[in-house]
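Chemist: One structure, pasted below without further comment.
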Amino acid sequence: MNEDELDLLFHAMASQPRRAILDVVRQHPGCNLNFVAEHFSFSRIGVMKHIDVLEAAGLVVSERIGRERMLYFNAVPLQQ
């Protein structure tokens, strides 16, 4: 893992809301954005921005099925 990837990982993990989103995705593999957004008081767009940061760090992997994005937790960056 290079320094840029490490920076992305620590940036993603530094935010309490992102860690909470990560917990929801980890506990409910294959959930979608709307399901995750139901667990938080901030907007769906806000949740989507947090998920984008988690995805950039490699902690969340998404799979498109039609118009839906199914979200999965990826522990590999943390293990490295």
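Chemist: Just checking, how many residues over the stretch 49-74 are hydrophobic (A, V, I, L, M, F, W, C) and closer than 16 Å to HIS11 by Cα?
Modeler: 7
Chemist: Quick one: in the stretch 46-73, of everything that is basic (Lys, Arg) and surrounded by fewer than 16 Cβ atoms within 10 Å (Cβ to Cβ), which residue is nearest to ASP4 (Cα to Cα)?
Modeler: LYS49
Chemist: Name the single residue, out of those in the stretch 56-73 being free of Cβ contacts under 8 Å to residues at least 40 places away in the same chain and in contact with a helix residue (DSSP H, G or I) (Cβ under 9 Å, 6 or more places away or on another chain), that is farthest from LEU22 (Cα to Cα).
Modeler: GLU68
Chemist: Being over 12 Å from MET70 (Cα atoms), open to solvent by less than 80 Å² (accessible area, probe 1.4 Å) and of a type in the set (S, T, N, Q) is the filter here; which residues of the stretch 3-36 pass it?
Modeler: SER15
Chemist: For the stretch 41-65, which positions are small (Gly, Ala, Ser) and within 14 Å of GLY30 (Cα to Cα)?
Modeler: Correct list: SER62 only.
The values are calculated or read from the model by the stated rules, or taken from the named source; none is laboratory data. On a predicted model such as this, the values are computed, not experimentally measured, just so you know. Note that we place each Cβ from the backbone using ideal geometry, even for glycine, and neighbour counts take in every protein chain shown. Each accessible area value is taken on the protein alone, full model and side chains, heavy atoms only, with ligands, DNA and RNA left out. Shrake-Rupley method; radii C 1.70, N 1.55, O 1.52, S 1.80 Å.
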